[in-house]
């Protein structure tokens, strides 16, 4: 078993200490002592999906033999992230007479984690949950920070709650079964952290992207660790996205429009974010904030990761309509996350309609 890296999300306490660890290492799913230390409930509902269950469910259950384990296996895919699917989790909790001292364990990618966390937030007004993310995207982003949600037909993640997990347990070894496409989708979120917060990390990614794509364990562990460090720092400052935390949505406003227009699951979330980051960087350059060279560095790293650098031709008007449902809209004003420079992002509504329109025309109407 490789050396364990432990980080911490430090949140402002209310009546409870809500800080929690992020544990990163190899073969953590078979570390019964570690799992028992962080999954303290006696009654546990494991939420997973039909892709992950055959690979890792028994491995996890074998490590939790001191507990009463029940599982619910959900269908796979972003299109299943709905209230209808969420009810399967509630049904399992009720059928197995789970009480407020029970815990939900999310074993899967971002869709499983978001739905399991939202169910835990709602059930009996809130029970514990633990994230065991199985995709790179979930390990570096969606499992950390307490955002939980399901999609609505008119918008992504519109129905949800903030509910922090008790622990995030990121087992790097499970990435060995991740498809190349899913791995690349996770890299999009890793690149995001360099762009918005850490220019040195961005430069490291430029030099090490081939190693990450080849699943080099040392490179992957550093990428996961630094990404989680950045997210932990941002969330610790602004848990409920009242200010700084919104920078974590860089590329997402444009990306969510892509996902919605095509139908959830046609493009992976990370693929849509990648194209969205290119559009956001291009708008930043139009604003005179980043240089043409930094725009090209952004495009080159995303392209080198095997991710799309052009959005589908959904049309500028359609993109703007879908962006109007974004959670960063306040008082009818769409706020965008843009770059002042590589390593520094800003949330702003201080842009001209002409700049936004030209960005949308170039981003959503030129050929792929």
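Structure notes:
- Across the stretch 1-39, the number of residues qualifying as farther than 18 Å from residue 174 by Cα, modelled with pLDDT of 95 or more and in a loop (DSSP other than H, G, I, E, B) comes to 1.
- In the stretch 74-84, the residue that is nearest to residue 153 (Cα to Cα) out of those that are surrounded by 19 or more Cβ atoms within 10 Å (Cβ to Cβ) and in contact with a strand residue (DSSP E or B) (Cβ under 6 Å, 6 or more places away or on another chain) is 81.
- Residue within the stretch 336-354 that is farther than 21 Å from residue 243 by Cβ, at pLDDT 95 or above and not in a loop (DSSP other than H, G, I, E, B) present: yes
- Test: residue in the stretch 96-103 that is surrounded by fewer than 20 Cβ atoms within 10 Å (Cβ to Cβ) and either within 18 Å of the chain's Cα centre (by Cα) or assigned to a helix (DSSP H, G or I) (or both): no
- Residues being surrounded by fewer than 19 Cβ atoms within 10 Å (Cβ to Cβ) and closer than 18 Å to residue 144 by Cα - total across the stretch 183-221: 1
- Extreme residue, farthest from residue 224 (Cα to Cα), among residues of the stretch 108-137 that are in contact with a helix residue (DSSP H, G or I) (Cβ under 6 Å, 6 or more places away or on another chain) and part of a strand (DSSP E or B): 129
- One residue from 226, 215 being modelled with pLDDT of 95 or more, part of a loop (DSSP other than H, G, I, E, B) and touching a helix residue (DSSP H, G or I) at 6+ places or on another chain (Cβ under 7 Å): 215
- Any hit, the stretch 143-156, residues being surrounded by fewer than 20 Cβ atoms within 10 Å (Cβ to Cβ) and modelled with pLDDT of 95 or more: no
- Qualifying residue in the stretch 67-77 (condition: more than 17 Å from residue 165 (Cβ to Cβ) and modelled with pLDDT under 95): yes
- Candidate set from the stretch 40-64 (those that are buried (at least 22 other Cβ atoms within 10 Å of the Cβ) and touching a helix residue (DSSP H, G or I) at 6+ places or on another chain (Cβ under 9 Å)); member that is nearest to residue 171 (Cα to Cα): 60
- Residues that are under 17 Å from residue 250 (Cα atoms) and either part of a loop (DSSP other than H, G, I, E, B) or in contact (Cβ under 8 Å) with a residue 24 or more places away in the chain (or both) within the stretch 292-319 comprise 294, 297, 298, 301, 302, 307, 308, 309, 310, 311, 319, listed in sequence order.
- Test: residue in the stretch 216-227 that is in contact with a strand residue (DSSP E or B) (Cβ under 8 Å, 6 or more places away or on another chain) and over 19 Å from residue 22 (Cβ atoms): no
- Total residues in the stretch 40-62 satisfying the condition of being outside any strand (DSSP E or B) and closer than 15 Å to residue 127 by Cα: the figure is 3.
- Here residue 140 does not qualify as touching a residue at least 24 places away in the same chain (Cβ under 8 Å), in a loop (DSSP other than H, G, I, E, B) and under 10 Å from the mean Cα position of the chain (by Cα).
The values are calculated or read from the model by the stated rules, or taken from the named source; none is laboratory data. Treat the numbers as computed from the prediction; the structure is a model and nothing was measured. A quick note on method: Cβ atoms are made from the backbone with ideal geometry, for glycine too, and the neighbour counts reach across all protein chains shown.
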